[in-house]
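Worksheet: the structure to be examined is printed underneath.
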Amino acid sequence: MEPLGYNPSTFNTFAAVMIGYLVNAGVPRLGEVVKCTLLSRYENVRADKLVGTIVVERAFDAFCLLLVFIMTMFIEGNVIGEYTLNMARGFVEDESGNISIIKILTVIAGIFIIIFLIYHLLKRFGHVDAVAKFKNVLYGIWLGLNSFRFIKNKAAFLFHTLFIWAMYLFSTTAGLYALRETDHLGIGVGLATLVIGSVGMIVTPGGIGAYPWLIEKLMGLYHVTEETGKTLGWLLWSAQTVIILLGGVICFALITYYNKKK
């Protein structure tokens, strides 16, 4: 946010992030809107510009997830390669089990049609107040996206991005060490658990249901009993969820008090 001319307090930024996680646990992606709204309210930061910085942040997260996935394929590909391939096939195959060109072309065509319609609507009705405001929002997002070029300390940004993902990996691996039946699996399986768990977090709000189920199925590939796999999945999900709930509620309670005092 510094390249955009804003220097929000550490507490407000941290509290906004934690409250955003809390909201995301119930309604996916709504937490990003809440995070921008809170910083806009308490730090007088333009919310549309913040959306762009969040897109940059998510882009780096997606890149890191891709790196983790590639590393997992190299390290644990002999175990989870076929399982992952079968999951991917379900999105592109038809009922007979063949690659559906129609499915792939439909998705690609839908994306281009949406982009085409938005472009022409903005161009034709740019004089309308509502459309003009929307164009200003898009411009603010574009400014936010460009903010990475002007980050004063790119090395620190990249380091903390990698550090966050390293902590994800170590916390997941710690969950494996917490159970006697899985403490022999090691950090390679921790990588696989992180990747599969991330899919669970995307599929359902806060990963509820999907996260433990996917971890249970993954552990089955390593000949871990169904009961132990289910226990591990709920252990990892519960630990993350409790931290998010407690942190979010505490920050929600403190942020108003902190800013009134300030």
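Quick notes on this structure:
- In this structure, Gly220 does not qualify as surrounded by 15 or more Cβ atoms within 10 Å (Cβ to Cβ), assigned to a helix (DSSP H, G or I) and not hydrophobic (A, V, I, L, M, F, W, C).
- Under the condition of being under 19 Å from Asp48 (Cα atoms) and assigned to a helix (DSSP H, G or I), the residues counted in the range 120-136 number 9.
- Look at the range 42-61: where a residue is closer than 21 Å to Ala166 by Cα and a partner is of a type in the set (D, E, K, R) and outside any loop (DSSP other than H, G, I, E, B), sitting 6+ places away or on another chain with Cβ atoms under 6 Å, you get Ile54/Glu32.
- Against the test of being crowded, with 17+ Cβ neighbours inside 10 Å and closer than 30 Å to Ile196 by Cβ, the options Val27, Val23 yield a single qualifying residue, Val23.
- The listed residue being surrounded by 20 or more Cβ atoms within 10 Å (Cβ to Cβ) and in a helix (DSSP H, G or I), out of Thr241, Thr256, Thr231: Thr231
- Hey, Thr173 at pLDDT 90 or above and among the hydroxyl-bearing types (Ser, Thr, Tyr) or not: yes
- Scanning the range 172-228 for residues that are among the small types (Gly, Ala, Ser) and within 17 Å of Met71 (Cβ to Cβ) yields Gly186, Gly188, Gly190, Ala192, Gly197, Ser198.
- A residue that is without any contact (Cβ under 8 Å) to a residue 12 or more places away in the chain, within 19 Å of Gly31 (Cβ to Cβ) and surrounded by 13 or more Cβ atoms within 10 Å (Cβ to Cβ) occurs nowhere in the range 177-190.
- Subset of the range 153-174 [farther than 21 Å from Tyr21 by Cα and not hydrophobic (A, V, I, L, M, F, W, C)]: Asn153, Lys154, Thr173
Matching residues to (1) within 30 Å of Met219 (Cα to Cα); (2) at pLDDT 75 or above; (3) in contact with a helix residue (DSSP H, G or I) (Cβ under 6 Å, 6 or more places away or on another chain):
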| position | (1), (2), (3) |
| --- | --- |
| Cys64 | yes, yes, yes |
| Phe69 | yes, yes, yes |
| Asn78 | yes, no, no |
| Ile102 | no, no, no |
| Val107 | no, no, no |
| Phe112 | no, yes, no |
| Ile118 | no, yes, no |
| Lys123 | no, yes, no |
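- Against the conditions (1) surrounded by 15 or more Cβ atoms within 10 Å (Cβ to Cβ); (2) modelled with pLDDT under 75; (3) under 22 Å from the mean Cα position of the chain (by Cα), Ala47 satisfies every one except (2).
- Count of the range 160-169 residues, restricted to those that are out of contact with any Cys (no Cβ under 6 Å at 6 or more places or on another chain), surrounded by 12 or more Cβ atoms within 10 Å (Cβ to Cβ) and aromatic (Phe, Trp, Tyr), is 1.
- Some residue of the range 193-211 being surrounded by 19 or more Cβ atoms within 10 Å (Cβ to Cβ), over 17 Å from the mean Cα position of the chain (by Cα) and either over 25 Å from Asn24 (Cβ atoms) or not β-branched (Val, Ile, Thr) (or both): no
The values are calculated or read from the model by the stated rules, or taken from the named source; none is laboratory data. The structure displayed is predicted, hence computed values, not measured ones. Note that each Cβ is placed from the backbone with ideal geometry, even for glycine, and that neighbours are counted across all protein chains shown.
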